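Quick notes on the structure that follows.
Here, each number is a calculation from the coordinates, and none is a lab measurement. Please read all numbers here as calculations on a predicted model, not as lab measurements. All Cβ positions, glycine included, derive from the backbone under ideal geometry; neighbour counts span all protein chains shown.
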Amino acid sequence: MKNTKVLVEGAIMIALATVLSFIRIIKLPWGGSITLLSMLPITLYSIRRGLKAGMVVSFLFSLVQLGQGIIDGLFGWGLTPMILVACIFLDYIFAFSVIGVAGIFRKKGLAGWISGTALAVFLRFVVHFISGITIWKSGGTVLNINFDNFALYSLAYNGAYMLPELCFTVAGATALLKVPQTKKLLLTDNGKSLV
């Protein structure tokens, strides 16, 4: 029964995260978008169920995000097969799988939960940044600033949407985990503490 409950909770969090990923608060003109707390359900699941379960669910979420990328035209971008495979792994599989790291400090209370959430979103940014400097290697304009250096461009491009995502996700986690009733709902199972 417990395993079934854990699986169902994971599936619900993946579905919720997917729906939230479609709600784009801001779609940036140069690429990327700021969503309505799309990573929050996965981070909360990882805090609730632990690092191992969180990593499994975040990996499954990465596959859903890859599916969305395919629907959005990933294969129509004109990438070489090697670049396409690298893009799939870095921009989708690795970038979204690291969200499961949020549960790494789950035994440390509120400070650990918030630190884990911030670390998870920051790691997603790092993976996207690495993708920008190793796969895309491009320059361009972000916030009306032209970047010729592809490392600075990747930093600006990915930072422009990941920094707000980090702030919103941490604020959402803090708000939910500070309210005693929500905290109890998220971190207990049949009256027993999960952390």
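Here are the numbers for the structure shown:
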read-out: Rounded tilt (10° steps) of 40-49 against the dominant C-alpha axis of the chain; value: 40 degrees
read-out: Two-site FRET efficiency, Asn146 against Phe75, from Cβ-Cβ distance with R₀ of 25 Å, rounded to 0.05; value: 0.25
read-out: Cross-link partners of Lys2 among aspartates and glutamates (Cα-Cα below 15 Å; sequence separation of 8 or more within a chain); value: Asp189
read-out: Listed residues Met13, Met55, Met82, most fluctuating in the chain (Gaussian network, C-alpha, under 10 Å); value: Met82
read-out: Other-chain or far-sequence residues with amide H under 5 Å of Ser33's (modelled H); value: Leu28
read-out: Protection proxy ranking of 36-43, 168-175, 92-99 - average other beta-carbon atoms within 10 Å, highest first; value: 36-43, 92-99, 168-175
read-out: Note, ³J(HN,Hα) from phi for the stretch 103-116, Karplus 6.51, -1.76, 1.60, rounded to Hz, x at Gly and Pro; value: x, 4, 10, 4, 7, 9, x, 4, 4, x, 5, 6, 4, x
read-out: Placed amide H near Thr141: partners under 5 Å, 5+ positions off or other chain; value: Phe147
read-out: GNM top mover of Val19, Val127, Val64 - the chain, alpha-carbon springs below 10 Å; value: Val19
read-out: Computed over the stretch 2-193: relative contact order in percent, which uses C-alpha pairs under 8 Å that are six or more apart; value: 21 percent
read-out: Around Arg106: net Lys/Arg minus Asp/Glu count, Cβ-Cβ under 10 Å; value: +4
